[in-house]
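The values are calculated or read from the model by the stated rules, or taken from the named source; none is laboratory data. No experiment lies behind these values; they were computed from the predicted model shown. Cβ placement follows ideal geometry from the backbone for every residue including glycine, while neighbour counts extend to all protein chains displayed. The protein model used for the area step is the full one, side chains on, heavy atoms only, and it has no ligands, DNA or RNA in it. Shrake-Rupley method; radii C 1.70, N 1.55, O 1.52, S 1.80 Å.
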Amino acid sequence: MAMASVVVLTGMSGAGKQTAARCFEDMGWQVVENIPPRLFAALLSGMPKDEPLCIVNDVRSGEFDALSAGILSLSVTPTLVFMDSIDEILIRRFKETRRPHPFFFEAGGILPAIMMEREKLANLKEQSELVIDTSGMSTTELRAFLRERFAAPQHKQQPITVTVASFGFKHGTPLDADLLFDVRFLRNPYYNHSLREKDGRSTEVQEFVEADERTGAFLERLYDLVGWSLPHYIAEGKAYLTIGIGCTGGKHRSVFIGERLSAFLKERGYRVLTQHRDVERR
């Protein structure tokens, strides 16, 4: 794109702006929160021309009244997104989180604070290109809506980053693994002296592990399970998933299986990070 896409995200406190901001971050947008509106133009001028920008600004900003002027100062026409919800839901959310409304003490209670905020934001809501009412939306539904409306094609198709991490059980299991597979039942190249110092990325080790008739059967089932599971993790709004593949030392079998699983996922369009935690250990 010749010029950065810009979204200005605003709206009622408790309507889901933080969730929306995190969703924009996951989609690869640069997110800046509550920068004074007088600095909008300078912020945009310092951004890479092809990097989309989401500016979050609400009543917590000391210069919120200048938001309209800040929007007009931009060299591109931004999409003004207003987050809203019915009063009953906003009251419930504030009670559940136990966070005070920004106008709670000034207005003398939650409901008066919400009414005061609505009055201040009325004109801005009227000017907004997109008003999102989150009253009946779950977090997953909100994220799906924003992805459909604002995500680049690659984020729409596979809005999740998968980390495939090999490791050795003798060095401990990864603390951040969401799924964990044990491949210690496969033939161990460690006991072949010509392979001991090589790792699962070498052709010789790969051929050795593949010669085990159980390897192909295991990979077939692994691909089926992971391939089936990922769309459901995406549907639940999960942005990151770590799959741990473990063998005894983390150098041969787990590395080989991790490489194969990574290749399988990349072929299907997923963003994949491949890590071999223990491959350099002796």
**OP:** Please calculate the 1.4 Å probe accessible area of Phe208, with all protein chains present, and give it to the nearest 10 Å².
**Re:** 40 Å²
Original post:
Percent of accessible area on the chain owned by carbon and sulfur, 1.4 Å probe?
Top reply: 51 percent
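Of Lys198/Lys266; Lys49/Lys125; Lys49/Lys95, which ones are farther than 30 Å apart at the Cα? Could you put the intermediate results ahead of the total?
Values: Lys198/Lys266 25 Å; Lys49/Lys125 28 Å; Lys49/Lys95 42 Å.
Too far apart for the 30 Å limit: Lys49/Lys95.
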**OP:** Give the calculated FRET efficiency between Leu130 and Lys95 to the nearest 0.05, with a Förster radius of 22 Å applied to their Cβ-Cβ distance.
**Re:** 0.20
Subject >> Relative contact order (%) - the range 193-282, alpha-carbon pairs under 8 angstrom, separation at least six >> reply: 33 percent
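Order the peptides 176-186, 247-257, 41-51 from the highest to the lowest mean number of other Cβ atoms within 10 Å of their residues.
For the peptides 176-186, 247-257, 41-51, the packing ranking is 247-257, 176-186, 41-51.
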Subject >> Around Ser262: net Lys/Arg minus Asp/Glu count, Cβ-Cβ under 13 Å >> reply: +3
Original post:
Accessible area per residue, 1.4 Å probe, Å², for the chain: what's the number?
Top reply: 52 Å²
Original post:
Could you give the length gained on full extension between Tyr190 and Ile35, defined as 0.36 nm per residue of separation minus the Cα-Cα distance, in nm?
Top reply: 50.1 nm
Original post:
What percent does the relative contact order of the chain come to when contacts are Cα pairs within less than 8 Å and at least six residues apart?
Top reply: 20 percent
Original post:
Taking amide hydrogens as modeled 1.01 Å from N in the peptide plane, which residues meet the under 5 Å criterion relative to Arg271, leaving out close sequence neighbours?
Top reply: Ile160, Val162
Original post:
Relative contact order of the range 34-193: what whole-number percent is it, with Cα pairs under 8 angstrom and at least 6 residues apart?
Top reply: 19 percent
Subject >> Spin-label model distance (nm) - Glu207 vs Asp182, 7 Å beyond Cα toward Cβ >> reply: 3.2 nm
**OP:** Could you rank Met12, Met137 by how accessible they are, 1.4 Å probe, largest area first?
**Re:** Met137, Met12
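Leu72 to Arg221: extension gain in nm, 0.36 nm per residue of separation minus the Cα-Cα distance?
Length difference between fully extended and current span is 48.0 nm.
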**OP:** Rounded to whole Hz and in sequence order, give me ³J(HN,Hα) for the range 244-259 from the Karplus expression 6.51 cos²θ - 1.76 cosθ + 1.60, θ = phi - 60°, writing x for Gly and Pro.
**Re:** x, 10, x, 10, 5, x, x, 10, 10, 5, 5, 5, 4, 5, x, 5
Original post:
So what J values fall out for the range 170-182 if you push phi through Karplus, 6.51 cos²θ - 1.76 cosθ + 1.60 with θ = phi - 60°, rounded to Hz, Gly and Pro as x?
Top reply: 5, 9, x, 7, x, 6, 9, 6, 8, 10, 9, 10, 9
Subject >> Environment charge at Val131 (Cβ cut-off 9 Å; Lys +1, Arg +1, Asp -1, Glu -1) >> reply: -2
Original post:
Each residue of the range 109-120 in order: what ³J(HN,Hα) in whole Hz does its phi give by Karplus 6.51 cos²θ - 1.76 cosθ + 1.60, θ = phi - 60°, with x for Gly and Pro?
Top reply: x, 5, 5, x, 5, 5, 5, 5, 5, 4, 5, 5
Subject >> FRET efficiency, Asp87 to Glu51 (Cβ-Cβ, R0 30 Å, nearest 0.05) >> reply: 0.20
**OP:** Could you tell me which trypsin sites (Lys or Arg not before Pro) in the range 79-176 are loop residues by DSSP with no more than 13 other beta carbons within 10 angstrom of their beta carbon?
**Re:** Arg98
